[in-house]
Amino acid sequence: MANKPKPNKPDWSVALDRLQRDLNLSDDAIGVFALQLKFRLEDIEAVAAEAITGGGDDKKCDVIYVDKEQQLAVVAQCYRSKKARNQAPANKASDLNAAISWLLGADLSTLPMPLRSRAVELRDAINDGHIKQLFIWYVHNLPASKQVSQELKTVEKTARAALQGYNSGGEINVFAEEIDEKQIEKFYVQAERVIFVTDTIFADVPDAFEVEGSGWSSVVTSVSGQWLYKIFQQHGANLFSANLRGYLGSRASDSNINHGIKHSAKNEADNFWVYNNGLTAFVLDYELGARKKSGRRLKLVGISIVNGAQTTGSVGSLTEPPPDDLLIPVRFVKTDDENIITKVVRFNNSQNKLQAADFRSTDQIQERLRLEFDKIPEAEYEGGRRGGASDTIKRRKNLLPSYTVGQALSAFHGDPVTAYDKKSDIWVSETLYRRFFTERTTARHIVFCYSLLDAINRTRISLLEKSKKNADKLTEIEKEQLVFLNRKGASFLLVYAISQSIETICGKSVPNRFDLQFRDNITPETAARRWLPVIEVFLSLHTQLEDAFSRNRISNESVKKGVPKFVGIVASLRKLHQQIFSDFAKNVQL
C-alpha cells in the first residue's frame, strides 16, 4: 500500500520555519512570529533578542514585549506541536495566570534576575501611562478549544485585578487571547494583503462625489450609523486589516474617547456628523449608482477601515442599532499602488503615530546613503522608507532596518540610553538626527556600527537558545553573561563601551569615530562575525559594568558613572588580549 503524501504545510508555517532556522530559535519563535505579523515589526532579530525570555525559571513567560511607542505590551506562552492534535494543552494557558501574577504582583526581589528587568520595564511603562493595551497570548499551531478559552477568561480577570494596583492600570484594555493556527493564518494573510474582507457590500447614501488622482480614485459620502453597525456585527475586527491596532474598546470613564463616541451616537445622533472625524477605508472597487430622490446606491467590493477604527468599533458594539438619523462622513479609496496604500495607512491613521523615520526618508543624507548601500554586498537599506504590508512576511535577511541603524549609531556615538529608550527621537529630533546622520556618516560606517549591535544580539540569542534547550549545559560564566545581556539596554551599553575603548582595540588614535569602517567592502553578515571575538572579551568583563545600571536598566547618570571606569580596565588589560585586538584592528580602516 502506497504511503499517503504528507499534507503541504501552510505558507505561514513555512515562513515560521524559515525564521526559526535563520535566527536559530527554539519553538518560542512562534510567539515572536505572531508579534511580527500582528504589529508589522521590522527588525525581528532585535525583537527576538529583546522579547524571548531566558530558559529554566522564566515563571511561565516565554515572550515579553513592551512597545511604548505603540502603547502596548504582550505576554505570551508559546507551544509548537510536532504532531497534529485536536487542541493545545490547556494547562499552558492556565500557566499564564502564574505569569501575570509574577510579572505584575510579585515582590521584585523574588523574581529571577533575567525576569526582574522585564518586570521592571513593564511595571514602569504601566505606571508612566505608556501602555494602553495588554495582550496576553497563548500562541500555538493547533486548533482552538473551549477549554483554553475558559482558562484565558480567568487569566484576563487575574490581569485586570493586578492592574488595579498601578497608576492608570484601570484604563488599560486587556486581551487574553488564544492565537491558534487559524489566527496565525489570519495574521499572515492580513500582512500579505491590505483588504481582508472581500465581500460585496451595498450602502444607500444621501449623495456622493468622486475625486481622482494619479493611481487612485475615491468616493466621498456619508453612511448611516446603522449601516456601520451592521457591517461591524458581520465582520468585526476583520474590517481593520489595514489598521495596526484596531478597536481599543471602551470604558465608562470621561477620559475614554470611545465611551464618548458611544454616548454621542446614542444621545446626540443628529450632531454626530459634525462631532466625528469620519472614516477612511480602502476598497477593491466601487460603483456609484445614479441620483434618485431617495439618494444613491453605492456598491463596494471589499473594505478595510484605515482611519476610524474607534468610531466603527464604538458604533458597531452598541447594545442595539443607533438612531436612524446618525450619519458618519466617509471616503472610500481605491488604488493598486502599494506605495500610496502605505502612505494612506500611515498619514490617515490617527491611532498610529506617523513613523518617525518617515520624516527623514527624503533627506539628502538618506538619499546618499541609499545610493552608497547599492555598493555594499548583501545589504539593503531603506533610509526611512518602509515597504508595504506584505514586506512583513518577506523575510529580508539582508535588510538593515532604519530604526536599528539609528540605534546602532546612537549607541556607538555616545548615547546608548536614547538608543534603548527613545529610538524614534533619533529620527524626529533635529539635534539628535544631525548628531548621528552627518555628512561623514557613510554606508560602510553604518555597517561597522550595525554589525556590532547585530553580533551582540546574536550572542544573546545563542545563549538564550542554549539555555532553553538545556539550562544545565550553560557554564556559570555563560549564565552570568546571559543575565547581563537580559538587563534592559545592555546591548546598547556594550556597543557604547566598545566604542569608548576603540583606541585600545585598534592600538592607535581615532580622531573621529565616524571615519571607522572595515578595510574591505564586506557584507554585514561577515562584519558581525569579525566583531564576535571582541565581544567575547568585553562580555568576560561585564561585572565591571555593574555601576552603569540603575534599577536593572541603563540611565544617563549610571552610564556616565560606570563606563569610564570600565574603559580604564580594558586599557589596563590590553596586553592580555593583544592578539584578539590586533587581529581585529588589521581589518579596520580610518
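The values are calculated or read from the model by the stated rules, or taken from the named source; none is laboratory data. Remember, it's a predicted structure, so these values are computed and weren't measured experimentally. A quick note on method: Cβ atoms are made from the backbone with ideal geometry, for glycine too, and the neighbour counts reach across all protein chains shown.
Summary table below
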| read-out | value |
| --- | --- |
| Leading residue by the ranking (surrounded by the most Cβ atoms within 10 Å (Cβ to Cβ)) among those in the stretch 376-420 that are at pLDDT below 90 and charged (D, E, K, R) | Glu382 |
| Options Ile461, Ile456: the member that is more than 19 Å from Gln366 (Cβ to Cβ) and in contact with a strand residue (DSSP E or B) (Cβ under 8 Å, 6 or more places away or on another chain) | Ile461 |
| Pick from the stretch 175-194, criterion hydrophobic (A, V, I, L, M, F, W, C) and surrounded by 20 or more Cβ atoms within 10 Å (Cβ to Cβ), ranking: farthest from Leu122 (Cα to Cα) | Val194 |
| Strands (runs of 3 or more DSSP E) fully within the stretch 188-242 counting 1 or more residues that are over 25 Å from Phe347 (Cβ atoms) | 197-205, 216-224 |
| Condition broken by Asp27, with the remaining ones in (1) outside any helix (DSSP H, G or I); (2) of a type in the set (Asp, Glu); (3) crowded, with 19+ Cβ neighbours inside 10 Å satisfied | (3) |
| Members of the stretch 314-331 found to be modelled with pLDDT of 95 or more and either under 32 Å from the mean Cα position of the chain (by Cα) or of a type in the set (Val, Ile, Thr) (or both), listed by number | Ile328, Pro329, Val330, Arg331 |
| Neighbours by Cβ (under 7 Å, 6+ apart or cross-chain): first from the stretch 500-511, closer than 19 Å to Asp415 by Cβ; second at pLDDT below 95 and assigned to a helix (DSSP H, G or I) | none |
| In the stretch 561-590, the residues that are β-branched (Val, Ile, Thr) and touching a residue at least 40 places away in the same chain (Cβ under 8 Å) | Val563, Val567, Val570, Ile580, Val588 |
| Residues located in the stretch 437-485, provided they are farther than 24 Å from Lys60 by Cα, part of a helix (DSSP H, G or I), over 23 Å from the mean Cα position of the chain (by Cα) and not charged (D, E, K, R) | Ala443, His445, Phe448, Ile477 |
| Inter-residue pairs, beta-carbon under 8 Å, first not assigned by TED's automatic domain parsing to the domain that holds Pro89 and in the stretch 54-75, second at pLDDT 90 or above, 6+ apart | none |
| Elements of type helices (runs of 4 or more DSSP H) contained in the stretch 257-329, each with 1 or more residues being without any contact (Cβ under 8 Å) to a residue 24 or more places away in the chain | 257-267, 272-275 |
| Residue count for the stretch 87-136, restricted to those that are part of a loop (DSSP other than H, G, I, E, B), more than 15 Å from Leu152 (Cβ to Cβ) and either aromatic (Phe, Trp, Tyr) or in contact with a helix residue (DSSP H, G or I) (Cβ under 7 Å, 6 or more places away or on another chain) (or both) | 2 |
